[in-house]
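Everything below concerns the one structure shown next.
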Amino acid sequence: MRRRTPPPPAPLPQIDGVDPVRVRLPHDGTWATVREHLVARLTGAGPGMVESMFDAGRVVGADGRAVAPDAPYRPGMFVWFHRELPAEVPVPFPVEVVYRDDHIVVADKPHFLATTPRGTHVAETALARLRRELDIPTLTAAHRLDRLTAGLVLFTVRPEERGAYQTLFRDRRVHKEYEAVAPYDPSLVLPRTVRSRIVKERGVQQAREVEGEPNAETHVKRTGHRGGLARYRLLPATGQTHQLRVHLNALGVPILGDPLYPEVTAPVPAGDFRHPLQLLARRLEFTDPVTGAEHSFVSERVLRAWADVD
């Protein structure tokens, strides 16, 4: 088995809190030049975009020098460039910092804001915002929270310590509590633990439950109800994509404001923030793997549907 070469440090600085894109040329490539590979690889970049980046000297190697348009393809080579940032509608809600020390930052993320750059959400993400606002260019996310979900997210300050915090989530040594607002069904017997097998296919918006060994587990408790709605406390033991949304939908009480469950709805216009998903990452507890401190954080956000139910 070929040992992977660790990537060199990025030779380009961040722009607006966003890292440059790093591409490693595959070992089994048959392209004649670096440019040919990037044209084939970056099919969504738009016609002529890769060529214009080379012409402007914006594709660089590990030494920070521009890669020539006719530079030969070298398997295993790393190149960097900054993507053209998409036009993004600003999310008009702040990212609140709940806790900060030399090792971690715990933030309370609003609805509609992605955790990390992905797709059309790049500079308008919690990570990019915090890097700019706190002036911590090394900040990275230890885990992710769905763009539509609000609540607590853990970020790490030092790159060499990120793995220790990610391991907490991998080994299920983080206690996470969520809160959701969904319809009230008096016939639904709670509390209960829901276990199922969830799969999420690339390119398909919805995750779905299938037959097989369970890979998703959520403990569901109802903490109150009024006006046809109920508030639910959700304790996930696993972290499958859309797990909480899938499990409440399977119980017949889909979360209010969910554009995917039970049915995929039409996209809302950019800048429409009127109907947030009523799901909140309320509590985060763990033992700090670096300092040994016992941490317990609680979001101060309020789910609007429950506050305004009357």
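Tabulated results
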read-out: Relative contact order, percent, region 36-80 [alpha-carbon distance under 8 Å, six or more residues apart]; value: 31
read-out: Peptides ranked, highest mean first, by Cβ atoms within 10 Å: ranges 197-207, 295-305; value: 295-305, 197-207
read-out: Highest-first arrangement of 165-177, 241-253, where packing means the average Cβ count within 10 Å; value: 241-253, 165-177
read-out: Whole-number accessible area per residue in Å² for region 156-310, which is evaluated in the context of all protein chains at 1.4 Å; value: 55
read-out: Rounded to the nearest 10 Å², the accessible area of residue 132 at probe 1.4 Å; value: 100
read-out: Max mean-square fluctuation residue, GNM over the chain, Cα-Cα springs under 10 Å, options 110, 20, 69; value: 69
read-out: (1) 39, 22, 20; (2) 26, 23, 19; (3) 29, 23, 19, with the label sought being that of the calculated semi-axes √(5λ) of the Cα gyration tensor in Å; value: (1)
read-out: Protection proxy ranking, peptides 269-275, 285-291, average beta carbon neighbours within 10 Å, highest first; value: 285-291, 269-275
read-out: Nearby lysines by direct alpha-carbon distance to residue 176 (threshold 18 angstrom, same-chain neighbours under 8 apart not counted); value: 109, 221
read-out: Value of [θ]222 nm, deg cm²/dmol, for the chain, DSSP H segments ≥ 4, -39500 (n - 2.57) each, nearest 500; value: -4000 deg cm²/dmol
read-out: Accessible surface of residue 255 - all protein chains present, 1.4 Å probe, nearest 10 Å²; value: 10
read-out: Accessible surface of region 160-310 [probe 1.4 Å, protein heavy atoms]: carbon and sulfur percent; value: 47
read-out: Accessible surface, per residue, of region 23-151 when the full set of protein chains is kept, probe 1.4 Å, Å²; value: 48
read-out: Protein accessible area in region 1-70, 1.4 Å probe - carbon and sulfur %; value: 52
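The values are calculated or read from the model by the stated rules, or taken from the named source; none is laboratory data. As the structure is a computational prediction, the values presented were derived from the model and not from experiment. Neighbour counts are summed over all protein chains in view; Cβ atoms, including those assigned to glycine, are modelled from backbone coordinates with ideal geometry. What goes into the accessible areas is simple: the full protein's heavy atoms, side chains included, and nothing from ligands, DNA or RNA. Shrake-Rupley method; radii C 1.70, N 1.55, O 1.52, S 1.80 Å.
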